[in-house]
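Below is one structure; the comments refer to it alone.
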Amino acid sequence: MSEPSEDFDPGSREEREVAAEAAGDRSDFLSLMGHAYRGELGRTSSWRTRIDRTTNWAVVVTASLLTWTFSNESRPHYVLLIGLVMLSVFLGIETRRYRTFDVWRSRVRLLEENVFANALDPEGVEQSNWRALLSEDLREPTIKMSTVEAVSRRLRRVYAPLFSVLIAAWVVRLTVFTPTGGGVVATAAVGPIPGAFVLALVGGFSAAVLATTLRRTPRRAKGEIQAAEDADEWK
């Protein structure tokens, strides 16, 4: 191992800000951006894997509950309602992971848009303050996507179909397998909880899921398939 230079002083201002020299050297700067891009891409891939794991568990739980519930006529219908609760828990976990994933993905998109895209087409749209934005975010990372937007996006892509399948299966269970002489409202009862209250609760939940899924407000996620509304503002 080589001995440290006698002139090296890690506490000096010059050594603490040694990377600032790369800002004025084009070769050093582009090399540094390449390493930064690979690092952020690795983080993005890691968090993408975590999201996929949650999605896989949600699909497995949904399939398992459907198989078990319809395997015998005596199976209780409220197991499907428990499935709705479990999917909601998975959705909450995935929403948190998705918001964190968006931090690293946004940095990757910023580099792709302002380094690699400009290298391919220098006449393209340029975000003049991207270096300042990236520097600020590296110093103080922030969540850029709201919880409501993250929930809406995960519902549209994964969870709305899963919720729909469970709710539809529950309705079929109540109507097709209704005991002779019993109505749907009476069959929907869960222990001491009246059937009318259960139906109203599931109906309200379904309406909330539908409204959140169809939510259309200005996006805060940057550059994911769709074009950003303002090319000069990184959100």
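Every number here is computed from the coordinates shown, using simple stated rules; none is lab data. The model shown is predicted, which means the values in this text are computed figures rather than measured ones. With ideal geometry, Cβ positions are generated from the backbone for all residues, glycine too; neighbour counts draw on all protein chains shown.
List of remarks:
- Sites listed here are GluC sites (Glu not before Pro) in the stretch 125-154 whose DSSP assignment is loop and whose Cβ has at most 16 other Cβ atoms within 10 Å: Glu126.
- Per-residue packing, averaged as other Cβ atoms within 10 Å, sorts the ranges 26-39, 103-116 into the order 103-116, 26-39, beginning with the highest.
- For the stretch 163-173, 3J(HN,Hα) per residue [Karplus equation, 6.51 cos²θ - 1.76 cosθ + 1.60, θ = phi - 60°, Hz, x = Gly/Pro]: 4, 4, 5, 5, 5, 5, 5, 5, 4, 4, 4
- From most to least packed by mean Cβ count within 10 Å, the peptides 164-176, 201-213 give 164-176, 201-213.
- In this simple spin-label approximation, Ser135 and Arg38 carry label points 7 Å from Cα along the Cα→Cβ vector, and these lie 2.5 nm apart.
- Relative packing of peptides 188-196, 87-95 - highest average C-beta neighbours within 10 Å first: 87-95, 188-196
- A viscosity of 1.002 mPa s and a temperature of 20 °C, combined with the Kirkwood radius over C-alpha pairs in the Stokes-Einstein formula, give the stretch 52-121 a diffusion coefficient of 143 µm²/s.
- Sites Ser74 and Arg53 - FRET efficiency at Förster radius 41 Å, r taken between beta-carbons, to 0.05: 0.75
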